[in-house]
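The values are calculated or read from the model by the stated rules, or taken from the named source; none is laboratory data. Source: prediction; values computed, not measured. Using ideal geometry, Cβ is built from the backbone for each residue, glycine included, and neighbour counts are taken over all protein chains shown. Note: areas computed on protein heavy atoms with side chains; ligands, DNA, RNA excluded. Shrake-Rupley method; radii C 1.70, N 1.55, O 1.52, S 1.80 Å.
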Amino acid sequence: MFDERFAEFSRERLGGDPVPDDLRVLLLAEWQGRTDFRDLLGVKFMEPGQLHPLLDTSYLSAAELADPEMQAVNAGLALMSTHVHIVAENEDRWIGYWAHPDEPTHRPRPVVMLDTEFSYWLAEGGTLVEALAVEGAHYAELDERSAFARTAGALAELGLSLSMSELAACEEPEYIVDPTRFGEELIRAERVRRGLWIGAETL
């Protein structure tokens, strides 16, 4: 029943990559009208046709859009969007996968987060749901370890067990290409291409 929706999500959000198992569980619950996972993890998933945040220029004025420097930045962000597969969002950030082609394909893609200032960071945890549980623990009113254990227990009750039950066991992110540095390189290349880059300074 949902095969076509998963295929569409893969095409639109994951560059054609298979939908990871934990994300399939979260999406299926969402599409079935359940809010338990969404409420527990504090996220909502991207809707069909929803614009990638790195492509959204609606917050810019006409003057800003016409500015050559801003045009170079937007062009770099557009290129970056093909490597940042955003699948969900919360109040102040977007969440997805870091899909640079130099990243190994034999392991799950690193989970990447993006804030409204277009800063990137790779999250702890080997899967999306683990990364969301860790992030939630960091901002919880309880101490982090207790908050994570509570979330892990609630997820297990909903049928989605984490690979670890303690925060200390969460994996540090592994990556080959740093998204922040790569994003800066893309914007720099656009500045050069447009004649805005001279030595170490822009015009």
ask   = Which whole-number percent is the relative contact order of segment 88-203 (Cα, under 8 Å, 6+ apart)?
value = 20 percent
note = Simple SL model, points at 7 angstrom along Cα→Cβ for Ile176 and Leu51; separation in nm is 3.3 nm
request  = May I ask you to list the trypsin sites (Lys or Arg not before Pro) in segment 1-63 that are in a DSSP loop and have at most 13 other Cβ atoms within 10 Å of their Cβ?
outcome  = Arg34
message = As an exercise, use a Förster radius of 22 Å and the Cβ-Cβ distance of Leu158 and His138 to find the FRET efficiency, rounded to the nearest 0.05.
response = 0.55
note = For Glu130, the net charge from surrounding residues (Cβ-Cβ under 11 Å; K, R +1; D, E -1) works out to -4
message = Report the gain in length on full extension from Glu166 to Arg150: 0.36 nm times residue separation, minus Cα-Cα distance, nm rounded to one decimal.
response = 4.8 nm
inquiry  = Leaving out ligands, DNA and RNA, and with a 1.4 Å probe, what % of the accessible surface on segment 47-203 is carbon or sulfur?
reply    = 51 percent
ask   = Relative contact order (percent) for segment 1-113, with alpha-carbon contacts under 8 angstrom and 6 or more residues of separation?
value = 21 percent
remark   = Once amide hydrogens are built 1.01 Å from N within the peptide plane, the residues lying 5 or more places from Glu171 or on another chain with amide H under 5 Å from its amide H are Gly125, Gly126
query = What 222 nm value per residue comes from the helices of the chain, counting each DSSP H run with n ≥ 4 as -39,500 (n - 2.57) and dividing by all residues, nearest 500 deg cm²/dmol?
reply = -13000 deg cm²/dmol
task = Kindly report the accessible area of segment 1-53 per residue (heavy atoms of protein chains, probe 1.4 Å, no ligands, DNA or RNA), in Å².
result = 56 Å²
message = Give me, ordered by chain and number, the residues 5 or more places off Ala88 or on other chains with an amide H under 5 Å from its own placed amide H.
response = Met46, Ile95
query = Quick one: in the chain, what % of C-alpha pairs are over 28 Å apart?
reply = 33 percent
